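Some notes on the structure that comes next.
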Amino acid sequence: MHLVTDFDGVWTDPSRELEAVHHTLVEALALLSGRTRATTADDYADFSATVLGQPHRHGWRIEGRLTSYVDEDSFALPTAIGQYIDAAADRTAGFYRDAILRQWGAVSEFLDHCYHSTCDRFRATHPHDLARGAEKVLAWLVAHGCQVTFVTNAPAAKVIDWFAHQGVAVDDAGDPPAAPGPLKVYGRAGKQRLGCSGASVLCGGREVQIDRPSYRAILSKEKADAVLGDVYSLDLALPLAMRARGEEGAPVWVGLMHLRHTPQWVLQGVPQQQAPDWRLAHVTSLPRLISSCSDLPPRCPNPEAALPSMDSIPAGRGNRA
Ligand SMILES: [Mg+2]
């Protein structure tokens with residue numbers, strides 16, 4: 001069994017890091033604009049409510065197309081707010097846009113700086129922020145002969161360092177060792193990058209982009225048995241489309257993290273041939289799901305005995321969704 005998996009939102013709970021990005025943006029906007037922090041925070045909350053109120057129109061927009069939607073991708077909310085400030089006609093957005101552009105060449109440069117500086121600081125001050133039991137799940141997968149490939153837009157060092165802190169070695173796919181192990185990571189994988197074909201599928205009323213050349217190249221190379229992710233558009237729409245078309249490198253199984261914010265259009269609006277097979281409330285559900293779909297050697301008679309009891313999926317709903 002070879003699993004290709006996203007990292008943040010699957011093996012981590014990114015809420016603390018996300019809060020840190022919001023905090024950085026509010027502080028920076030207050031500094032640039034000269035408004036008080038309290039007033040800026042109120043304005044930022046208004047922007048947030050506006051983009052979340054129209055999630056089909058906002059998210060992570062690249063050259064005019066949404067590569068993910070703000071209601072499925074919580075980590076995209078600061079980007080969506082920044083892109084709203086960059087483009088909106090209202091006076092408050094224009095006020096902050098002007099303030100940013102007095103110091104930065106483009107709003108996108110300001111946003112990138114806020115994201116990267118915050119995430120670097122977060123990693124410098126947090127040895128890891130893995131989901132509880134994540135390292136035990138990974139150890140279980142390795143013990144049962146599974147290969148795990150992380151494909152993430154985060155830097156490879158984040159995955160390598162956080163698991164190293166828990167005593168688990170992950171190789172850098174960009175700089176593989178002479179004797180590679182069963183775990184590796186493609187960092188800065190560019191899953192958000194879109195090709196020029198504009199190919200998309202209609203899911204729950206949303207147009208979801210599936211021409212993702214960087215991600216496709218990795219999927220085609222790795223030929224994983226299963227793909228796992230928490231953001232339908234970024235992580236799952238392409239492998240599901242590849243499977244529906246019988247393309248080489250398409251996975252057999254596809255799993256979606258069913259998190260608190262996972263929107264209804266993903267859970268109920270996706271056509272059957274584009275729907276994930278598994279829904280996982282927590283990464284500790286993986287051993288049960290993988291045991292049910294493969295002929296893993298029974299090295300551990302009770303594979304989940306050593307794992308935290310966090311699998312809150314009701315009986316009978318975890319497998320084929
Ligand atoms: Mg993710």
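Read-outs throughout are calculated quantities, based only on the coordinates presented, and are distinct from any laboratory measurement. These numbers come from a predicted model, not from an experiment. Cβ: placed from backbone, ideal geometry, glycine included. Neighbour counts: every protein chain shown.
Values for this structure:
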{"item": "Segments 120-129, 182-191 sorted - mean Cβ within 10 Å per residue, highest first", "result": "182-191, 120-129"}
{"item": "Cα pair distances of the chain binned at 10 Å [whole percent]", "result": "6, 26, 33, 24, 10, 2, 0"}
{"item": "For segment 15-125: rounded, prolate or oblate by the Cα gyration tensor [a/c cutoff 1.5]", "result": "rounded"}
{"item": "Only Lys, Arg (+1) and Asp, Glu (-1) charged, at Cβ; the chain dipole about Cα centre in debye", "result": "360"}
{"item": "Top of Asp13, Asp98, Asp171 by mean-square fluctuation, Gaussian network on the chain, Cα under 10 Å", "result": "Asp98"}
{"item": "Highest average packing first - 222-228, 50-56, Cβ atoms within 10 Å", "result": "222-228, 50-56"}
{"item": "Mean separation of Cα contacts under 8 Å, 6 or more apart, over the residue count of the chain: relative contact order %", "result": "20"}
{"item": "Share, in percent, of DSSP beta bridges within the chain that are antiparallel, nearest 5", "result": "30"}
